[in-house]
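One structure is given below, encoded as structure tokens.
The values are calculated or read from the model by the stated rules, or taken from the named source; none is laboratory data. This structure is a prediction, so every number in the text was calculated from the model and none was measured. Don't worry about glycine lacking a Cβ; one is built from the backbone with ideal geometry, like all the others, and counts go over all protein chains shown. Only protein heavy atoms, including side chains, enter the accessible area calculation; ligands, DNA and RNA are left aside. Shrake-Rupley method; radii C 1.70, N 1.55, O 1.52, S 1.80 Å.
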Amino acid sequence: MRVVDSWFEVFRILPTVYITVDIDMSSPRELSGIVDLFGQAAPNQFFEQLQRNLGLSVRLRVFTLPLVIWLMISQRLSSKATLSTAVQGVVQGPPHQLLPNHKRVREGTVSCHTGAYSDARQAIPVVVAEEVADRVLSHLMRTCREALPAWSRRVFILDGSSLKMPHTPELAEAYPPDPKSHWPVLRILVAQELTTGLAQRPCWGPMYGPKAVSEQALTEKILDRIPNYSVLMGDINFGVFTVAFATTRRGHDVLVRLQRSRAVVVGRGLALESGLDREICWRPSAHERKHHPQLPAEACVRGRLIVQEVVTSDGSHVTLYLFTTLRLTVEQLVQLYGLRWDVETDLRSLKRVVDLQVLRCHSVDMIAKELVLAIVGYNLVRAVMNEAAEEYGLDPRRLSFSRSQDVVNAALPGLEAAATPAEYQLKLCRLLRLVASCKLPDRSKRPSTPREVWGHGCQFAKRKVKAPTVR
């Protein structure tokens with residue numbers, strides 16, 4: 001079997017999955033693209049060690065472990081995202097330097113059917129996908145921007161959503177459907193880095209049924225994956241004692257928004273007027289102790305209760321009730337919390353653009369691998385956007401994920417047709433420049449005309465059942 005020297009060579013010959021930017025010859029700084037970043041984070045040695053540790057088969061085959069992992073990632077970056085599109089990239093790709101010295105490869109008889117690829121996907125343990133996701137994210141997280149001027153802490157925003165799956169007996173048992181629906185549903189929680197949008201490996205569980213999990217319970221699982229000495233930020237849904245307690249016990253700081261009723265209880269008689277900034281000791285209520293009996297008797301989170309009235313983009317006034325363990329000024333805290341809205345668009349990108357709104361796999365393990373590797377693909381696209389933003393002095397949050405992904409996919413034929421390395425590098429630089437041009441419009445000023453809300457009409461006529469005639 002031919003030894004491949006680098007991941008650049010490996011994925012250079014797969015046009016349908018090759019998405020990259022390369023070194024700008026006019027720039028002193030080396031740039032990395034999706035495939036470069038993936039290869040740096042997960043080189044051949046990593047996969048070889050993983051196979052040895054897990055006792056996986058290393059026999060010669062067309063669909064090797066690194067290839068299958070990348071094809072599963074690239075499926076989520078394709079508009080069609082089917083097994084067939086991934087297999088066709090192997091069957092009809094130019095020369096076979098990537099593929100092993102397999103008989104079918106030598107003879108050019110690799111089947112266009114998806115059975116072999118499907119079997120290879122199913123044979124991969126879930127832990128392999130998790131190891132790849134953690135390794136890639138760790139590589140991408142080595143550098144990040146400052147959330148606030150002269151403040152270098154990493155901030156992770158929590159948000160959750162629900163995803164539907166095909167109705168199979170196995171999935172319906174693991175993730176019971178909504179009582180009013182047919183499709184199994186899972187609840188997913190994602191923690192994303194504030195400035196870059198990079199997502200931690202998510203946590204999920206059933207949304208309905210006797211084993212249903214809440215977003216607060218999933219938070220305690222995802223905290224173990226966040227880098228040390230980070231800041232956790234969440235909206236009202238995460239402004240509860242158990243989240244603050246679990247976060248501080250792991251050495252992180254917290255910034256969460258509270259409901260007014262909860263702020264009244266936490267403040268213990270304080271006048272909740274705008275401008276309040278008071279040191280408090282947050283203790284669990286009797287209700288929280290009833291539902292969380294594992295809490296220690298002395299459980300307490302020391303921090304600050306802040307009440308601040310702010311003006312929104314449409315000119316309305318909103319009062320924020322914040323609890324934090326950070327020592328920043330009130331103005332800095334309000335500015336920091338104001339950036340939380342970015343996670344809403346990030347989840348939209350994950351669900352719609354990366355097409356996680358409806359999962360396709362039919363088993364519990366395949367659903368897990370599909371979710372984890374989709375996050376890897378999302379992070380790689382985000383990393384290229386961050387590279388483009390840094391190269392051109394932009395805020396990566398001002399770039400459209402959807403349009404950037406469109407630019408990347410549209411550039412693939414041109415990259416494949418490059419005749420020389422110099423031409424290839426020029427095309428990669430042009431790709432990076434186009435990604436940097438995918439700026440979102442400035443929506444800081446909302447239109448003065450109020451939006452009309454239209455109701456959803458009935459799409460299907462109601463079935464009328466005649467009453468039985470009694471004789």
Mean Cβ count within 10 Å, highest first, over the residues of peptides 161-167, 139-145, 308-314: 161-167, 139-145, 308-314
For segment 242-291, which whole percent of the accessible surface, found with a 1.4 angstrom probe, sits on carbon and sulfur atoms? 46
Per residue, how much accessible area does segment 148-247 have with a 1.4 Å probe, in Å²? 37
Per residue, how much accessible surface does segment 276-380 expose to a 1.4 Å probe? Answer in Å², no decimals. 47
At a 1.4 Å probe radius, which order do Val265, Val254 fall into by accessible area, largest first? Val265, Val254
